1. Going by what's in this entry, would B:LEU3 be described as within 12 Å of another protein chain (Cβ to nearest Cβ) and over 30 Å from B:LEU176 (Cβ atoms)?
2. Please verify whether the stretch B:51-61 includes one or more residues that are in contact with a helix residue (DSSP H, G or I) (Cβ under 7 Å, 6 or more places away or on another chain), hydrophobic (A, V, I, L, M, F, W, C) and either at positive phi or within 7 Å of chain A (Cβ to nearest Cβ) (or both).
3. If the requirement is being in a helix (DSSP H, G or I), assigned by TED's automatic domain parsing to the domain that holds B:ALA171 and under 15 Å from B:LEU169 (Cα atoms), which of these qualifies: B:LEU100, B:LEU92?
4. Are any residues in the stretch A:8-24 within 14 Å of chain B (Cβ to nearest Cβ) and aliphatic (A, V, I, L, M), and if so, which ones?
5. Within the stretch B:8-50, how many residues are facing another protein chain (nearest Cβ under 8 Å) and under 17 Å from A:THR50 (Cβ atoms)?
6. Can you find even one residue in the stretch A:56-69 that is more than 8 Å from chain B (Cβ to nearest Cβ), touching a residue at least 60 places away in the same chain (Cβ under 8 Å) and not in a helix (DSSP H, G or I)?
7. Check whether at least one residue in the stretch A:27-45 is on the phi > 0 side of the Ramachandran plot, more than 8 Å from every other protein chain (Cβ to nearest Cβ), surrounded by 14 or more Cβ atoms within 10 Å (Cβ to Cβ) and outside any helix (DSSP H, G or I), and report yes or no.
8. Which of (1) of a type outside the set (Asp, Glu); (2) under 24 Å from B:HIS36 (Cβ atoms); (3) more than 13 Å from the chain's Cα centre (by Cα); (4) loosely packed, with under 13 Cβ neighbours inside 10 Å is the odd one out, the single condition A:ARG106 does not satisfy?
Amino acid sequence: MVVTGDRRTQVLKGALDLCVLAVLADGPVYGYGLVTALEERGLALVAEGTIYPLLGRLEKSGFVTTYREASSGGPPRKYYLLTEAGRQELVDAGAEWRAVTAEIDRVLGVRR
Amino acid sequence: MTLSDEAFEVVDAVHEHWVLQGIRDAAEMRDELADHLGAALRDGKSIDDVTGPDLQAFADAWAAEQRRDSKLWKWGAVAGAIVFVVAARVALAIVGERSLEVRIDLGGLVVVAWIAAAALFLVPRGRLTSAARPRSRRRTWLRDAMVITTVSLILSVALRLMDAPQLHLPAWVSVLAVAPLVLLVVALLAVDLPGVRRLLGIGDREVYRAEMRRRLDQHDEFEHRWKPGPD
């Protein structure tokens with residue numbers, strides 16, 4: 001049986017990409033900015049650095065693209081930006097997530 | 001915002017691990033990690049909050065999603081280690097016998113070559129895990145040493161039972177075999193030269209730290225009034 005802590009980790013593993021896409025939908029953001037945006041929405045990561053492999057996967061899948069921004073006087077930073085494919089994935093995966101959680105809620109007897 | 005020496009140790013260790021793995025964007029990833037650590041420490045978080053308790057797993061997970069220069073690099077490095085072990089053994093034989101025509105014990109050579117190849121695979125992992133965690137370093141080194149020693153003992157016994165033959169090397173083969181060792185000595189002398197470190201993508205640590213500290217200070221200055229946008 002999965003203990004509570006492990007369950008949270010397992011659920012997060014399956015949903016973190018969706019959360020990252022949701023944050024990126026608001027605009028381009030750099031790595032640490034992404035983590036703080038997730039925290040502001042109530043999602044604290046056990047190891048913040050885990051977002052980088054995830055961002056790498058999303059980039060490989062074509063859902064995210066990157067660019068380096070060097071503003072006047074400011075140092076360059078790597079920013080992550082949602083692509084059109086990523087925006088579509090957010091819509092599809094978001095619908096899938098809502099369907100799955102609704103099914104589980106029904107099984108658990110949770111009223112919405 | 002500035003990075004502690006401990007945080008830089010982690011950044012350096014992870015970066016060198018990526019370079020050794022042939023990760024093409026290792027320098028860019030290093031900057032991103034240093035930037036993240038700087039911001040996290042400023043917000044009162046710890047290094048573990050960023051990397052998790054297992055630095056090795058963190059670095060490997062990130063590297064797994066990156067482009068590599070070549071998947072053959074590791075096998076090339078092992079082949080190189082074996083070549084240098086053979087060269088060193090031949091050089092010792094030349095000194096010992098005071099002749100370019102030497103005899104080499106094949107069994108001993110195989111064991112030493114195994115130790116060199118295994119160390120090349122296992123030791124860099126130990127160095128990385130150790131970056132900011134001395135206890136972890138001891139555990140990793142102890143485990144690696146036990147693996148290498150056990151396999152070496154098994155190999156030694158097996159080769160002794162098989163009565164491994166001796167190799168008789170003519171002078172020209174000996175000279176050819178020793179040549180990589182000479183090249184290695186030259187390379188080791190050159191590796192600390194700034195130009196060579198730049199070529200390897202490692203760079204000078206102190207220069208990098210000073211530059212990154214300056215950049216992180218700039219991030220502090222521009223953090224709240226810098227609105228980025230894509231090209």
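1. No: the conditions fail for B:LEU3.
2. The answer is yes; a qualifying residue exists.
3. Result of the check over B:LEU100, B:LEU92: B:LEU92.
4. Scanning the stretch A:8-24 gives A:LEU12, A:LEU16, A:VAL20, A:LEU24.
5. Residues that pass the stated criteria total 11.
6. No, that holds for no residue.
7. yes
8. (2)
The values are calculated or read from the model by the stated rules, or taken from the named source; none is laboratory data. Because the structure is predicted, anything quoted here is derived from the model rather than measured. Here the Cβ is made from the backbone with ideal geometry for all residues, glycine too, and neighbour counts use every protein chain on show.
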